[in-house]
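Enquirer: Questions regarding the structure given below will be posed in turn.
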Amino acid sequence: MTPRAALLLLCLVGCASHPQAKTSASTPSTNVKGVALPGAPADGVFLDFLVYDRARHRVWVPAGNTGSVDVIDAATAKVTRIEGFPTKEIERNGNKRTVGPSSASIGDGVVYVGDRADFSICAVDAESMKKGACLTLASSPDAVAWVAATKEVWVTTPRDKSIRVLDASRPGTLTAKAQINLPGEPECYAVDDARGVFFTNLEDADKTVAIDLKARSVSATWEPACGEGGPKGLALDHAANVLFVACPDHVVALDAANGGKRLTSIDVGPGIDTIDYDESRHELFAAAGKAAKLAIAKFDPPGTLTVFLTVPTAAGARNAVAGDEGVAWLADSYEGKILSVTR
């Protein structure tokens, strides 16, 4: 298998009866553009988590094997490259690939970046984009989450079935604080600061758990019934207290106020990983890499979710994040680009 083929394969693999929401296959006028990432090799860029900084209108892109974090100005599409992140060649399932920075979270004037090469979490100034101090963990970081209520950074470390809690009360400085052990491999997150809850999936156990932020222990366990592939991404409607759980080919809505009761679901297509939700517009964004399409759904409390727009994207394009005015940004690893979808 060629490196390019291996990259495409990696990108495509990547959380009583209930009512099924109506879906629409409509494709009104949309504009899909690609923003090329600097330093992208011919084989593409290994991309995972993207994050949108709403205060500064920037997309932060941990660009894996390039050893950089690329920051895209949403208005101009100008890319600023933050270099100096380590990379490392690893072998998985008989295939070699180079890993590096892969996740990020927007904090209070600081962006926290996780790197799989050296297991580090680094603080980067959100305005100047200058890389600051780093803390090395004992296990490879996956998702990185800023928790405003406690001024902490929570890092999922699925290889040892845990979450690392880091003290971030001093901006730009990280200190190891606690470790939460879980009965499964944590995948993605959603944070409810007001209610003091951190949500994550246990991908290998097909479960979703709620963790008390202060007690740092599991307070509830729910079953999204995603099947063998397990649950993937998470998003939250804070006002409605409804949690959206991405399965490999569909998204379910769980009532977090009522024991995780399943409210509704939408079909999207195979290849979903992380999802995002724009609460101001009540819009859910789910990109299916294998199906090469982006679905945008409207959520109407207390529990109706309806796909109103489906946009063809590119093979492997996934992990959509919501920008301003309903613009979506997707990771296109195979082509070494970030796609923007404008309506």
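The values are calculated or read from the model by the stated rules, or taken from the named source; none is laboratory data. Just so it is clear, the structure is predicted and the values come from calculations on it, not from any experiment. So basically every Cβ, Gly included, is an ideal-geometry build from the backbone, and we count neighbours across all protein chains shown.
Enquirer: What pairs come out if I take residues in the range 63-80 that are farther than 16 Å from residue 131 by Cβ and pair them with residues that are at pLDDT below 95 and part of a strand (DSSP E or B) whose C-beta lies under 8 Å away, six or more apart or interchain?
Expert: Close Cβ pairs (under 8 Å, with a partner that is at pLDDT below 95 and part of a strand (DSSP E or B)) amount to 65/97.
A quick yes/no check of all residues on (1) under 24 Å from residue 198 (Cα atoms); (2) crowded, with 23+ Cβ neighbours inside 10 Å:
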position	(1), (2)
245	yes, yes
291	no, no
300	yes, no
336	no, yes
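Enquirer: Considering only the range 101-118, state which residues are within 15 Å of residue 135 (Cα to Cα) and outside any strand (DSSP E or B).
Expert: 116, 117, 118
Enquirer: Something else: Exactly one of (1) at pLDDT below 95; (2) surrounded by 21 or more Cβ atoms within 10 Å (Cβ to Cβ) is unmet by residue 156. Its number?
Expert: All conditions pass for residue 156, except number (1).
Enquirer: Moving on. If you take the residues of the range 156-175 that are in contact with a Leu (Cβ under 9 Å, 6 or more places away or on another chain) and of a type in the set (Gly, Ala, Ser), which of them is nearest to residue 187 (Cα to Cα)?
Expert: 162
Condition check ((1) modelled with pLDDT of 95 or more; (2) farther than 18 Å from residue 229 by Cβ; (3) surrounded by 18 or more Cβ atoms within 10 Å (Cβ to Cβ)) across all residues:
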position	(1), (2), (3)
276	yes, yes, yes
288	yes, no, yes
312	yes, yes, no
321	yes, yes, yes
324	yes, yes, no
331	yes, yes, yes
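Enquirer: Also: Inspect all residues belonging to the range 77-95 and state whether any of them is over 17 Å from the mean Cα position of the chain (by Cα), of a type in the set (Gly, Ala, Ser) and either crowded, with 23+ Cβ neighbours inside 10 Å or within 19 Å of residue 322 (Cβ to Cβ) (or both).
Expert: yes
Enquirer: Are there any strands (runs of 3 or more DSSP E) wholly within the range 1-74 with 3 or more residues that are at pLDDT below 50 and either more than 19 Å from the chain's Cα centre (by Cα) or closer than 27 Å to residue 248 by Cα (or both), and if so which?
Expert: Per the criteria, no element qualifies.
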